[in-house]
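Scroll down for the structure; my scribbles are underneath it.
The values are calculated or read from the model by the stated rules, or taken from the named source; none is laboratory data. Note that this is a predicted model, so its numbers are computed, not measured. Here Cβ is always computed from backbone atoms with ideal geometry, including for glycine, and neighbour counts include all displayed protein chains.
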Amino acid sequence: MAPSPYPSEKFRLGMLLGDTRYRSTTIQVFAFIVFVSVAFWLVDNTAKNLAALGKEIDFSYLSSRAGYDINQRLIHYTNDSTHARAALVGILNTLLVAFFGCFIATILGLFIGILRLSNNWIIARLTSVYIEGFRNIPVLLWIVMFFAFLTEMTPAPKAFKGADPTSTMVFFDSIAITNRGTYFPMPIFGTGSIYVILTFVLSLVGIVMFLVYARNLQRQSGKILPRFLISFLILCLPSVVVYFLSGTPVSLEYPYLKGFNFKDGVHVRNSFLALTLALGVYTSAYIAELVRSGIQAIHKGQTEAASALGLRPNRVMNLIILPQAIRVIVPPTISQFLNITKNSSLAIAVGYMDVRSTLGGITLNQTGREMESMLLLMVFYLIVSLGISSVIQGFNRAFEIKER
C-alpha cells in the first residue's frame, strides 16, 4: 500500500476543543464531571448538615410501631403494625387508584374521542363541551366535587330501613350506595374453588392465544373471526361448567343493614370512588383529544377507499383507521397515565390514605424523618413511572410498522 501523501498530525491538548473530531466528546466529559461533582457536593453537604442536627440518615424507623389507623386497605393492617407496613398499604392504595383511573380514562377517552368526530352535530358539540369542561377546571376541584356529590347526594344507611324510594339497593338488592360508601357482595371461596380459579386463569391464556391466532389469520387470509363472541365464550363457558361440576364452591356474601350501617360485603369508601372517578374522567378529556388528533392524522383517502370497497363504517374504524392511529395516540398517552399516578397524591384532599398520606404524611410527621420519607417517595414514584413507560412502550413497539 502506498504511503499517504499527507503526514499524520500529532495529537495536542488544544485539539480537544479546536478539532471537531474531539470537541463533542470533550464537552460531554466535562459536563459529566461537573454534574457528578455538584451532585456529590449536595449529598455530602446534606449529610453533614443532618449530622450536625443529630439526624443522620437512618431508615430503622420503618420497623417501629406506626400507631395510626388506615381506613381502607388491601392487606391486613392494624395500628400496631410497623411504619413499613403502613407504607406498603399506602403504596397498594396508590397503585389501585392508578390502575382503575387509567382504565376509566382509556375507555372513556377512546369513546369520547371517536364521538368527537361524529357527523351528528349534537353529539359532536356535546363531546366538545365534555372535553373543554373537564380540561379547563383543575383536577383538585373535580375530586372535591365528586366527593361532595357522593356524600351529599346519596342516602344515609339508616334510610334503607324505611320506604324511601331513593334508598333502595340496586342490582337485585345486592349493592348499596350510601353516603358512607358503596357496599358490594364479597365472593366466598369454598372447597374446590381452586379448580374454578385455575380454569378462569387458563381461559384468559386461551383468549390471548385465540386473539393472536385471529390476528395472524386476518393478516394472512383476510378472514375475520368474531373475536368478541368467541373470547366471551372462552372466558365464561369453561368456568361455568367447572363451577357446577365442583358443586358451586364459590358463593357471595351480600351486605345487609345492621344498626346504623351495613355489614359484610366489600366496603368501597367514597374517598376512593371520588378520587378514581375524578382522575379517570378528567384525564379522559385529554386522551379523547389524543384519539381525535390520531384519527385525523390518517389521510381521509383511506377512509374513502375503504368505503368504496363496501366496508361498513365500524369495520373501517376498527380495521383501517384505529390500527394506524394508535401509533400516533400511544406515545403521548403515556404522559397521561403518568399524570394519573402522580395526581393520585391529591388523595389527601378527600381523606384517602395513599402513600403520600401514610409514608409522606403521618409517618413523616410522627418520626421526623423528612429526608428518608421523601427519598422513599421519590424512588417509589420513579419506579412506577418507569414501569408504566416501559409497559406502554412495549405495547407501542408491537404496533410499529415493520419493514420487510
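Please count how many residues of the range 236-274 are surrounded by 17 or more Cβ atoms within 10 Å (Cβ to Cβ) and either touching a Leu at 6+ places or on another chain (Cβ under 9 Å) or not in a strand (DSSP E or B) (or both).
14
Going through 80, 58, 44, 69 one at a time, which residue ends up being surrounded by fewer than 16 Cβ atoms within 10 Å (Cβ to Cβ), more than 30 Å from residue 135 (Cα to Cα), touching a residue at least 24 places away in the same chain (Cβ under 8 Å) and not β-branched (Val, Ile, Thr)?
On the way: 80 fails: touching a residue at least 24 places away in the same chain (Cβ under 8 Å); 44 fails: touching a residue at least 24 places away in the same chain (Cβ under 8 Å); 69 fails: touching a residue at least 24 places away in the same chain (Cβ under 8 Å).
After ruling out the rest, the residue left standing is 58.
Could you tell me whether residue 373 is touching a residue at least 24 places away in the same chain (Cβ under 8 Å) and in contact with a helix residue (DSSP H, G or I) (Cβ under 7 Å, 6 or more places away or on another chain)? Give the derivation first.
Numbers: touching a residue at least 24 places away in the same chain (Cβ under 8 Å): no; in contact with a helix residue (DSSP H, G or I) (Cβ under 7 Å, 6 or more places away or on another chain): yes.
For residue 373, the condition - touching a residue at least 24 places away in the same chain (Cβ under 8 Å) and in contact with a helix residue (DSSP H, G or I) (Cβ under 7 Å, 6 or more places away or on another chain) - is not met.
Quick check on residue 215: is it among the basic types (Lys, Arg), within 29 Å of residue 104 (Cα to Cα) and part of a helix (DSSP H, G or I)?
Spelling it out, residue 215 is indeed among the basic types (Lys, Arg), within 29 Å of residue 104 (Cα to Cα) and part of a helix (DSSP H, G or I).
Across the range 222-235, which residue is modelled with the highest pLDDT among those that are of a type outside the set (Phe, Trp, Tyr) and loosely packed, with under 13 Cβ neighbours inside 10 Å?
By that ranking, first place goes to 229.
Can you go through 155, 138 and tell me which one is over 25 Å from residue 261 (Cα atoms) and modelled with pLDDT of 80 or more? Break it down into steps so the answer makes sense when it comes.
On the way: 155 fails: over 25 Å from residue 261 (Cα atoms).
None of the others qualify; the one that does is 138.
Could you tell me which residue of the range 330-356 is surrounded by the most Cβ atoms within 10 Å (Cβ to Cβ), considering only residues that are within 30 Å of residue 77 (Cβ to Cβ) and of a type in the set (S, T, N, Q)?
By that ranking, first place goes to 344.
Considering only residues that are surrounded by 10 or more Cβ atoms within 10 Å (Cβ to Cβ) and aliphatic (A, V, I, L, M), look in the range 1-33 and name the one that is modelled with the highest pLDDT.
It comes out as 33.
Here is a list: 196, 201. Which entry is over 30 Å from residue 271 (Cβ atoms), of a type in the set (A, V, I, L, M) and within 25 Å of the chain's Cα centre (by Cα)?
201
Restricting the search to the range 356-383, which residues are of a type in the set (Lys, Arg) and within 17 Å of residue 97 (Cα to Cα)?
Within the range 356-383, 356 is the sole residue that qualifies.
Looking at 287, 298, which is the one that is touching a residue at least 12 places away in the same chain (Cβ under 8 Å) and not in a helix (DSSP H, G or I)? Walk me through it before giving the result.
On the way: 287 fails: not in a helix (DSSP H, G or I).
Matching residue, one of 287, 298: 298.
Against the definition (over 11 Å from residue 358 (Cα atoms), surrounded by 13 or more Cβ atoms within 10 Å (Cβ to Cβ) and in contact (Cβ under 8 Å) with a residue 12 or more places away in the chain), how does residue 74 come out, yes or no?
It is false that residue 74 is over 11 Å from residue 358 (Cα atoms), surrounded by 13 or more Cβ atoms within 10 Å (Cβ to Cβ) and in contact (Cβ under 8 Å) with a residue 12 or more places away in the chain.
Looking at the structure I just gave you, is residue 229 within 18 Å of residue 318 (Cβ to Cβ), free of Cβ contacts under 8 Å to residues at least 24 places away in the same chain and out of contact with any Asp or Glu (no Cβ under 6 Å at 6 or more places or on another chain)?
Details: within 18 Å of residue 318 (Cβ to Cβ): yes; free of Cβ contacts under 8 Å to residues at least 24 places away in the same chain: yes; out of contact with any Asp or Glu (no Cβ under 6 Å at 6 or more places or on another chain): yes.
So residue 229 fits the description; yes.
Being part of a helix (DSSP H, G or I) and modelled with pLDDT of 85 or more is the requirement here; does residue 75 meet it?
Numbers: part of a helix (DSSP H, G or I): no; modelled with pLDDT of 85 or more: yes.
The answer is no for residue 75.
On the given criteria, is residue 63 modelled with pLDDT under 70 and either within 38 Å of the chain's Cα centre (by Cα) or of a type outside the set (Asp, Glu) (or both)?
In short, no.
For the range 271-288, indicate whether the set of residues that are of a type in the set (Ser, Thr, Tyr), farther than 18 Å from residue 388 by Cα, in the same structural domain as residue 126 (by TED's automatic domain parsing) and at pLDDT below 85 is non-empty.
Within the range 271-288, not a single residue is of a type in the set (Ser, Thr, Tyr), farther than 18 Å from residue 388 by Cα, in the same structural domain as residue 126 (by TED's automatic domain parsing) and at pLDDT below 85.
How many residues are among the polar types (S, T, N, Q) and surrounded by fewer than 13 Cβ atoms within 10 Å (Cβ to Cβ) when one looks only at the range 308-329?
1
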